[in-house]
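In what follows, a structure is listed as structure tokens, so that the remarks can point back to it.
The values are calculated or read from the model by the stated rules, or taken from the named source; none is laboratory data. Worth saying up front: this structure is predicted, and the values here are computed from it rather than measured. All Cβ positions, even for glycine, are placed from backbone atoms using ideal geometry, and neighbour counts span all protein chains on display. Calculation scope for accessible area: heavy atoms of the full protein, side chains included, ligands and nucleic acids excluded. Shrake-Rupley method; radii C 1.70, N 1.55, O 1.52, S 1.80 Å.
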Amino acid sequence: MSTLQFEIQLLAAVVAAACALPGVFLVLRKTALMSDAISHSILLGIVLAFFVTGDLSSPWLVLAAAATGILTVVLAESINRTGLVREDASIGLVFPALFSLGVILISRYAGDVHLDTDAVLLGELAFAPFDRYELFGVDLGPRSLAVMSGILILNLGFIIAFYKELKIATFDPGLAAALGFSPLIINYALMSVVSVTAVGAFDAVGSILVVALMVTPAATAYLLTDRLSVMIWLSVGFGVTAAISGYWMAHWLDASIAGSMAVMCGVIFGLVFLIAPQQGLITIARRRLRQRTEFAEAMLTIHLSHHEGRPEEKEESALATLYVHMHWDESFTSRIARRAEENQLVVTEENQLILTDKGRRLAEATMAL
Amino acid sequence: MFSFASDLIFDYTLRTVAMGSAVLGMVSGVLGCFAVLRRQSLLGDAISHAALPGIVLAFILTGSKSPMVLILGAAVAGWLGTLKIISIVRMTRIKYDSAMAIVLSVFFGLGLVLLTYVQKTPQAAQAGLDTFLFGQAAAILERDVIVMSIVGAFGVGLVLLFWNRFKILSFDPEFGKSLGLPIPLLEVLLTSLLVIAIVLGLQTVGVVLMSAMVVAPAASARQWTDRLGMMIFLSAVFGAIAGIGGAVISSSAQRLPTGPTIVICISLIFVVSLLLAPNRGLIWSWLRFRRDRKQLHLDAVLCDLYSLAMHHDNRHHAHSIAVLRTMRSDRGGGGVLKSLEELEKFGWVTHISADNWALSASGIDQAMKVAASIGKQPE
């Protein structure tokens, strides 16, 4: 592995970690698509600041972009507050307009500069290490690595400093307001962090894949835990894993690194979606199957107790014709009968099912529900 | 203005682009209404992004770049993406917004991987696939417009055919269930139609901006009417106007991309609707608010004067404006003089001397009417 490869992977991992941190709160606060809106509309800020400063690496670009991110949130919320347009529609109205303005400005006035819209949308991680950051002639590594590390530290600092506030404002905004810290301010602070992160990440991974890195690892972690702190660490872990495996996938296919990172985010999500211990598909399927069998067993005991000691008992509890009375299919009926016998709910005598005391108790308990 | 009109008729490219954009605006306007009413505005964004891998895969599998093939690929991928969103929301505790963000970005990432993969293989014809990102309206041919019109007409026709069912689905799905309508099936059908509308637009407006074409015409139309039929009609008209307007404006200047210009046009239509639409519009409700406030203030001063007069044998006893101002101290006592002058015009109060005002006979009647209308006798 060459230094170049190492630097790209390091950058990818730092970007993923920086995105995963605010992503947790986006997922929990049900504002995941705000990341999509912000990452698009920051283009306008970048373009405007570029026209003013004439320098693509000016720190003003980051500030202006973050300001447009906030502007997006403010505009969407004020449209929503008129009560004339719902929240989802107001987001969907604001960001395409701002993004379109950005695209129009670029194609009209910035034709020849290195600021084309494909690059903004798609990013290119592979070129990032060639833009070096030097201080007094000493090479300090790729510029974007320095920027993203700064943003990672900022995000980490933000979450550590305001952990309690974020937690309460996320899970119980009413309580947060009663305790005296405004959920509104917390929301705007979080949106500023998202904007800054999106700006930092966009030239590495592009604005659409920022969404993948923010939302997918956090949603994956959400399937696995109920604890906020665990969810944060898990989502950073998933993000970094997706970044590094994505790099190697891209290497192997000779395809876009950013795209591969997003695909790996999706693959990890898919795996966890299948096998998560509480929320996974397999667990859910097994739980449903178990519940179905248990319910059928209970129904069987009820059926038997209903006809117990009555003239039709012989007819109703005959193993061979049971499926007719239960309205089940034949193989399911014999499977349930076998299980009920194993669980000592019934015993078989001369091809008749007879309830045990345990079975009778189950029937009574179920009917009492 | 005239030259635009003549260009629109005689310039082949412009005419084709404008017609294509108009068709797109109409179809997405019609289907966008249901998305907006069902709070699925951002689904358009997710579907359009999710369509990218389908476009590239369709190209890889067939080697063809004909719009019909690519649109089919886009539709399949967009549809799969929608199903994924639905299944994530149904089976886990992940909410709708996160599910959309996941599908949108992961599918788009996959599309990007496929796109860069194809670009490095020696197939010569792959160039041009990435125009789907922003769309390339100028490249639309007449036969594309015909394809778009046929597919669009099919979509709109289905909406008309299922009009009542879609209406119930949008406003009261529970009621629909109780009627025995196959609500989940209708949902899938309506969403599939939305997918069709979106993939039609990908070539013109592109993946990124397509969501605006779904949301903005419908959200604008919603401001002007409370009736679904009218809303859908207006939405189609707004979509078409934005399409033609965007095409004409972008052709009139150098380096003005069509897709973003169309989006700016429809956004302006939305702003105008938000401000000006009768009844709902912001300017109207502001005027109404002012009128109501003035009326309330008039009533308040009149009642104040009445309740003061009740303390005197002579109901027409004059009171000083200073007292009335104190009684309206919640608003700093401002505007009392103006209200009195207004009341005098109705003949309800009389200006007795410099600072003193009294109720007239008709003023007493009016004050009692006001008091009765708020269900409370003045003390």
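Restricting the calculation to Cα atoms, chain A shows an Rg/Rh of 1.22 when the hydrodynamic-style radius is the Kirkwood one.
A viscosity of 0.890 mPa s and a temperature of 25 °C, combined with the Kirkwood radius over Cα pairs in Stokes-Einstein, give a translational diffusion coefficient for the stretch B:288-373 of 193 µm²/s.
Legend: mean number of C-beta atoms from other chains within 10 angstrom of residue C-beta atoms, peptide B:206-219, equals 5. Given their separation in residues at 0.36 nm each and the Cα-Cα distance between them, B:Asp11 and B:Lys369 gain 122.0 nm when the chain is fully extended.
Here the simple spin-label model places points 7 Å from the Cα toward Cβ, and for A:Glu330 and A:Arg292 these points are separated by 2.0 nm. Neighbouring Cβ atoms from other chains, within 10 Å of the Cβ of residues in B:257-263, number 5 on average.
Remark on B:Ile352: its backbone amide H falls under 5 Å from those of B:Trp357, B:Ala358, a criterion applied only to residues 5 or more positions apart or on other chains, H modelled at 1.01 Å from N. Quotient of the Cα radius of gyration of the stretch B:77-195 and 2.2 N^0.38 Å, N being its number of residues: 1.39.
The angle separating the long axis of helix B:228-252 from the principal Cα axis of greatest extent in chain B is about 60 degrees.
Could you check how many percent of all C-alpha pairs in the stretch A:265-369 are farther apart than 17 Å? I get 57 percent for the Cα pairs in the stretch A:265-369 exceeding 17 Å. Cross-link reach is defined here as a Cα-Cα straight distance under 25 Å, omitting same-chain residues fewer than 8 places apart; for B:Lys345 the lysines meeting it are B:Lys294, B:Lys369. Computed with the Debye formula from one identical point scatterer per Cα of chain B, without solvent, the log10 of I(q)/I(0) at q = 0.13 Å⁻¹ comes to -0.96.
Taking the C-alpha atoms only, the angle from helix B:206-224 to the longest principal axis of chain B is near 30 degrees. Among the residues of B:34-43, the average count of other protein chain beta-carbon atoms within 10 Å of the residue beta-carbon is 4.
Estimated at the nearest 10 Å², the accessible area of B:Val27 is 10 Å² with a 1.4 Å probe. The angle separating the long axis of helix A:143-161 from the principal Cα axis of greatest extent in chain A is about 50 degrees.
Could you tell me the calculated FRET efficiency between B:Thr350 and B:Leu276, based on Cβ-Cβ distance and R0 = 45 angstrom, to the nearest 0.05? After rounding to 0.05, the efficiency reads 0.60.
Compactness ratio for the protein assembly as shown: Cα radius of gyration over 2.2 N^0.38 Å (N = residue count) comes to 1.22. When chains B and A come together, the accessible area they lose, probed at 1.4 Å and totalled over both chains, is close to 4900 Å².
Projection of the Cα convex hull of the stretch B:140-253, averaged over all directions and equal to a quarter of that hull's surface, yields 8.1 nm².
Counting only protein chain heavy atoms and rolling a 1.4 Å probe, the accessible areas of B:Met210, A:Met367, A:Met249 rank, largest first, as A:Met367, A:Met249, B:Met210. Helical runs assigned H by DSSP (4 residues or longer) give chain B a calculated mean residue ellipticity at 222 nm of -25500 deg cm²/dmol, each run adding -39500 (n - 2.57) before division by the residue total. The distance from the alpha carbon centre of the stretch A:37-61 to that of the stretch A:196-231 is 22 Å, rounded to a whole number. The charge dipole of the stretch A:282-368, taken about its Cα centre with unit charges on the Cβ atoms of Lys, Arg (+1), Asp and Glu (-1) only, comes to about 660 debye. When chain B is treated as a Gaussian network with alpha carbon springs shorter than 10 Å, the biggest mean-square fluctuation among B:Ser235, B:Ser48, B:Ser105 belongs to B:Ser105. Summary of packing: across the peptides B:178-186, B:150-158, the per-residue average of other C-beta atoms within 10 Å ranks them, highest first, as B:150-158, B:178-186. Let me know the shape class of the stretch B:32-93, please: from the alpha-carbon gyration tensor, a ≥ b ≥ c as square roots of the eigenvalues, rounded when a/c is under 1.5, otherwise prolate if a/b is greater than b/c, or oblate. Oblate is the answer for the stretch B:32-93, as a/c is 1.5 or above yet b/c matches or exceeds a/b. Solvent-accessible area assigned to carbon and sulfur over the stretch A:282-368 amounts to 51 percent, based on a 1.4 Å probe. Rolling a 1.4 Å probe over the protein heavy atoms gives chain A an accessible area of 46 Å² per residue.
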